[in-house]
Amino acid sequence: LWIQLAGILLLALLWFATIRIVQQDHDDELQAAFQTQATLARAMDLQVQEVLNDADGVLLAMKYSQEYRGNITAELRQVLEMPNLAKFTSQASILDTKGEFLFSFRPVQPAVNLADRAQFRAHVERDTGMFYISPVVQGRVSGVQSFHISRRINNPDGSFGGVVSLALQTRYFTEIFAKITQEPRNFFLFGRDGLIRATDDELAGLIGQSLKERPIFEKIRANPLQGEYVGIGALTQKQKIVSYRAVGAYPLYVVVAADEEKVLARHRLRRKLYFGTA
């Protein structure tokens with residue numbers, strides 16, 4: 001009887017140890033995945049901040065040139081023609097109070113008017129003193145899918161004098177993410193309004209859709225600067241490992257997500273080995 005009890009105890013200890021090892025292996029693999037995701041989200045966050053900082057710097061220069069000189073200086077035109085700016089900008093423009101072009105980096109047809117665009121309407125009623133980041137649109141001049149960062153132009157008396165804006169190509173952010181990740185992953189760049197500004201090639205058809213009612217926003221409300229979790233993907237039914245970050249002082253978020261099944265594939269192989277050995 002004692003031999004039988006000792007055997008049962010030994011088997012119980014063996015399986016308890018095996019289950020603990022499997023659980024620890026799962027936790028270690030998941031933690032490593034979170035660290036990788038967080039690193040990628042941070043890298044993407046810095047890249048987006050760099051683009052937006054450059055774009056807003058050019059916007060301010062255009063705004064002040066128009067307000068104080070009434071035109072775009074030759075030096076500023078040279079800045080707009082720089083290759084680094086052209087990589088992510090499909091259009092730079094100044095609109096008058098009716099949405100007509102006062103200046104355009106690209107040739108404009110006479111009939112083109114942008115008074116109905118969000119980047120124009122956001123500045124008509126009042127001067128917030130801040131930039132505005134629009135939803136994604138198809139450029140009427142460039143024909144390129146982009147979202148605009150814009151600022152208001154004021155007349156000397158403070159009244160509305162027009163809008164200066166830069167169109168940022170969504171494709172540029174897709175290419176950045178493809179360069180910094182080595183394995184298949186998804187990424188979203190979206191605003192506090194929930195609208196997706198850019199994503200990876202796999203989910204490119206989702207640009208412009210809203211994440212407002214998705215679980216990601218519950219996580220952001222609880223931890224608005226950064227966070228991570230495992231859950232159903234924002235726009236798919238697959239279980240995802242997700243990391244997100246706020247993009248500096250901009251009203252944007254970067255999300256990096258990977259399929260849990262792919263991330264834990266090696267763990268599942270080891271789990272079979274552990275249980276088979278036990």
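The values are calculated or read from the model by the stated rules, or taken from the named source; none is laboratory data. Predicted, not measured: the structure shown is a model, and the values here were computed from it. In this analysis, Cβ positions are derived from the backbone assuming ideal geometry, glycine residues included, and neighbour counts consider all displayed protein chains. These area figures cover heavy atoms from the full protein model, side chains too; ligands, DNA and RNA do not enter into them. Shrake-Rupley method; radii C 1.70, N 1.55, O 1.52, S 1.80 Å.
Some observations on this one:
- Loop-resident sites, region 206-257, for GluC sites (Glu not before Pro), counting at most 16 other Cβ within 10 Å (DSSP): GLU213
- A 1.4 Å probe, protein heavy atoms only, puts the accessible area of ILE232 near 80 Å².
- In this structure THR277 has an accessible area near 110 Å², from a 1.4 Å probe over the protein heavy atoms.
- For a straight C-alpha distance cut-off of 12 angstrom, the aspartates and glutamates reachable from LYS238 (same-chain residues fewer than eight places away being disregarded) are ASP259, GLU260, GLU261.
- Estimated 222 nm signal from helices in the chain, with DSSP H stretches of n ≥ 4 weighted -39500 (n - 2.57), rounded to 500: -14500 deg cm²/dmol
- Rg to Rh quotient for region 10-158, alpha carbon positions, Kirkwood Rh: 1.31
- Of the solvent-accessible surface of region 47-103, computed with a 1.4 Å probe and all protein chains present, 47% belongs to carbon and sulfur.
- Matching the structure-derived semi-axes √(5λ) of the Cα gyration tensor in Å against the labelled list (1) 52, 21, 15; (2) 53, 16, 15; (3) 37, 24, 15 gives the label (2).
- When each of the peptides 3-11, 29-37 is scored by the mean number of other C-beta atoms lying within 10 Å of its residues, the order from highest to lowest reads 29-37, 3-11.
- Per residue value of the accessible surface for the chain (all protein chains in place, 1.4 Å probe), Å²: 54
- Simple rule: put +1 on each Lys or Arg Cβ and -1 on each Asp or Glu Cβ in the chain, find the dipole, and look at PHE131, GLY248, THR199; the Cα lying farthest toward the positive end is THR199.
- Each Cα pair under 8 Å and six or more residues apart adds its separation to the average, and for the chain the resulting relative contact order is 19 percent.
- For LYS87, a cut-off of 21 angstrom between C-alpha atoms picks up these lysines, skipping any fewer than 8 places away in its own chain: LYS179.
- For region 113-187, the dipole from Cβ point charges (+1 on Lys and Arg, -1 on Asp and Glu) about the Cα centre works out to 140 debye, to the nearest 20.
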